[in-house]
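The values are calculated or read from the model by the stated rules, or taken from the named source; none is laboratory data. Worth saying up front: this structure is predicted, and the values here are computed from it rather than measured. Backbone-built Cβ (ideal geometry, glycine too); neighbour counts: all protein chains shown.
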Amino acid sequence: MLLVTGSGAPGWHAGLLGASITAPHLLGPFVARSLDTARDGRRVIALACVLHGATFAAAVLLYPHTWPVVAALLLAASGLAGPLLTGGISSRLPAIAGPGRDSQRRAQGWDVATYGLGGTIGPAVVAAASSWASPTVAALILTAATFAAAALVGLLPYAPPLAAGLDVPRPGRTLALMLASGPLRRTLYMTVTVALSVAVLPIAAVVSTDRLGAGPAAAGILVAAYGLGNLAGSAGLMLRPPKGDADRLMTGFAFAVAAALALLVVADGFVVTAVAYAAAGILNAGFFAATLAARSEYAPRQARAQVFVWVGALKITAGSAGTALAGAGAVALGSDRAPAAMALVLTTACAAASILDRRTARRPGHPTSRPRTGFRDGDSSEGH
């Protein structure tokens, strides 16, 4: 974005390039199968790091000298590798943390923290490097970090392929398995809904500053409060990993996120609003960790990486939709409280639906009340 605006190009160029690197995440499930079939998944992730960094750097360097569509195609290739660097790495947590549930959930807290740190440090590096040099230099610094990550991936513990000797399903069949499994189905739609809901918060921060009697810069403080809350929640998860069934934990944290959104809807003062943002960050960290636990504990062995990437890809798409919905809602309804109110309704309805879904699936004779083949022992659709 800085590269485009600094060159004097029209704003639609920035939108095109931004969409080019995020939209390909939807294709993530179609490349994730390589992780489930590879003899050493670390090599697949390392190759994805190199591809991601090389195509990103090429797009940045060529943009001023060629047609925007060339940079867009290179960024699309970069974005296609993205899901392997998020859900792909997260799918390896059991190999890193060991078989114990507490150690895995502590590792999931670390995983949540890496997203928060990346989302904080990355923009800070870009802002600093762009101010003393240029956006191109900032992009190349990020590229160098990606190449370093390719080397560091080799330090992760080796894990033999879980799908050895098993029929690794195609992406469409994997999605069907997820929808047929009660816990994975709920993981999917709750992750999508909560991601959409929390994505409205930056827009809500911008449109609410006038009502709160604060300047436009106060929106940054509110968003920072959310980010700090997310990091604090991640730290808490590392120190005290959540106990209990991951399926129910997701529902509980979804209701808790809804409670933070409700506080945001009714808050009038700036301090209370900032507290609501921080609470939303803390509780969303818990929800994110619960979804990681659910993906890890309920995924079929032969499609673990695909499950992680399917959920992650749809989560990113939902986040984009949430941002668009927040902006449209604030304009159409003429209320700065509208984005948070819409998010509150969606999150509460989704959490309530998960309870009904779980109870319905337990009724005798219901198709999902019976164990399904292809899942690990204890990972049948409603066996928990």
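Scanning for something farther than 30 Å from Pro161 by Cβ, in a helix (DSSP H, G or I) and within 21 Å of the chain's Cα centre (by Cα), does region 68-80 turn up at least one residue?
yes
Pick from Leu249, Leu231, Leu188, Leu212: which is in contact (Cβ under 8 Å) with a residue 24 or more places away in the chain and farther than 28 Å from Arg105 by Cα?
Working: Leu249 fails: farther than 28 Å from Arg105 by Cα; Leu231 fails: farther than 28 Å from Arg105 by Cα; Leu188 fails: farther than 28 Å from Arg105 by Cα.
Matching residue, one of Leu249, Leu231, Leu188, Leu212: Leu212.
In region 25-39, how many are more than 16 Å from Pro169 (Cα to Cα) and buried (at least 21 other Cβ atoms within 10 Å of the Cβ)?
1
Can you pull out every residue in region 343-362 that is in contact (Cβ under 8 Å) with a residue 60 or more places away in the chain, farther than 14 Å from Arg248 by Cβ and not hydrophobic (A, V, I, L, M, F, W, C)?
Thr347, Thr348
For the subset of region 93-110 comprising residues that are surrounded by fewer than 21 Cβ atoms within 10 Å (Cβ to Cβ) and of a type in the set (D, E, K, R), which member is nearest to Ala299 (Cα to Cα)?
Ranking the candidates gives Arg101 first.
Would you tally the residues in region 234-274 being over 28 Å from Leu356 (Cα atoms) and under 21 Å from the mean Cα position of the chain (by Cα)?
4
For region 48-89, name all the residues that are modelled with pLDDT under 85 and either small (Gly, Ala, Ser) or surrounded by fewer than 22 Cβ atoms within 10 Å (Cβ to Cβ) (or both).
Here is the first cut: in region 48-89, the ones modelled with pLDDT under 85 are 86-89.
Of everything in region 48-89, those that are modelled with pLDDT under 85 and either small (Gly, Ala, Ser) or surrounded by fewer than 22 Cβ atoms within 10 Å (Cβ to Cβ) (or both) turn out to be Thr86, Gly87, Gly88.
Among the residues of region 115-136, is any closer than 30 Å to Thr37 by Cβ, surrounded by 15 or more Cβ atoms within 10 Å (Cβ to Cβ) and out of contact with any Asp or Glu (no Cβ under 6 Å at 6 or more places or on another chain)? First the steps, then the outcome.
Just the residues of region 115-136 that are closer than 30 Å to Thr37 by Cβ, to begin with: 115, 118.
Add one more test, that the residue is surrounded by 15 or more Cβ atoms within 10 Å (Cβ to Cβ), and what stays is 115.
Then keep just the ones that are out of contact with any Asp or Glu (no Cβ under 6 Å at 6 or more places or on another chain); that gives 115.
Yes - at least one qualifying residue is present in region 115-136.
Go through region 91-123 and give me each residue that's of a type in the set (S, T, N, Q) and modelled with pLDDT of 85 or more. It would help to see each step written out before you state the result.
Narrowing region 91-123 to residues of a type in the set (S, T, N, Q): 91, 103-104, 108, 114, 120.
If the condition is that a residue be of a type in the set (S, T, N, Q) and modelled with pLDDT of 85 or more, then Ser103, Gln104, Gln108, Thr114 are the ones that fit.
What residue, among those in region 148-164 that are over 28 Å from Gly236 (Cβ atoms) and surrounded by 15 or more Cβ atoms within 10 Å (Cβ to Cβ), is nearest to the chain's Cα centre (by Cα)?
Here the residue is Ala150.
Among the residues of region 265-299, which ones are among the hydrophobic types (A, V, I, L, M, F, W, C) and within 18 Å of Gly220 (Cα to Cα)? Quick ask: steps written out before the conclusion?
Restricting attention to region 265-299, the residues satisfying the condition of being among the hydrophobic types (A, V, I, L, M, F, W, C) are 265-267, 270-272, 274-276, 278-280, 282-283, 285, 287-290, 292-294, 299.
Across region 265-299, the qualifying residues are Ala267, Phe270, Val271, Val272, Ala274, Val275, Ala276, Ala278, Ala279, Ala280, Ile282.
Just to confirm my filter: which helices (runs of 4 or more DSSP H) fall fully inside region 87-190 and include at least 3 residues that are hydroxyl-bearing (Ser, Thr, Tyr)?
Values: elements: 93-97, 101-132, 135-153, 171-180.
Filter on region 87-190 gives 101-132, 135-153.
If you check Thr291, Thr323, Thr317, which single one turns out to be at pLDDT 90 or above and β-branched (Val, Ile, Thr)?
Thr291
Among the numbered criteria (1) assigned to a helix (DSSP H, G or I); (2) buried (at least 19 other Cβ atoms within 10 Å of the Cβ); (3) among the hydrophobic types (A, V, I, L, M, F, W, C), which single criterion is violated by Ala232?
All conditions are met except number (2).
Look through region 3-13, keep the residues that are of a type in the set (A, V, I, L, M, F, W, C) and farther than 13 Å from Ala59 by Cβ, and return whichever of them is surrounded by the most Cβ atoms within 10 Å (Cβ to Cβ). Explain how you work it out, then say what you get.
So the first thing to find is which residues in region 3-13 are of a type in the set (A, V, I, L, M, F, W, C), and the list is 3-4, 9, 12.
So of that shortlist, the ones also farther than 13 Å from Ala59 by Cβ come out as 9, 12.
On the way: Ala9: 16, Trp12: 10.
Filtering first and then ranking leaves Ala9.
Go through (1) within 19 Å of the chain's Cα centre (by Cα); (2) outside any helix (DSSP H, G or I) one by one and return the number of the condition Ala9 breaks.
The single condition Ala9 does not satisfy is (1).
Can you tell which of Arg39, Arg101, Arg106, Arg43 is under 19 Å from the mean Cα position of the chain (by Cα) and among the basic types (Lys, Arg)? Before you say what the answer is, go through the steps one by one.
On the way: Arg39 fails: under 19 Å from the mean Cα position of the chain (by Cα); Arg101 fails: under 19 Å from the mean Cα position of the chain (by Cα); Arg43 fails: under 19 Å from the mean Cα position of the chain (by Cα).
Just one listed residue meets the conditions, Arg106.
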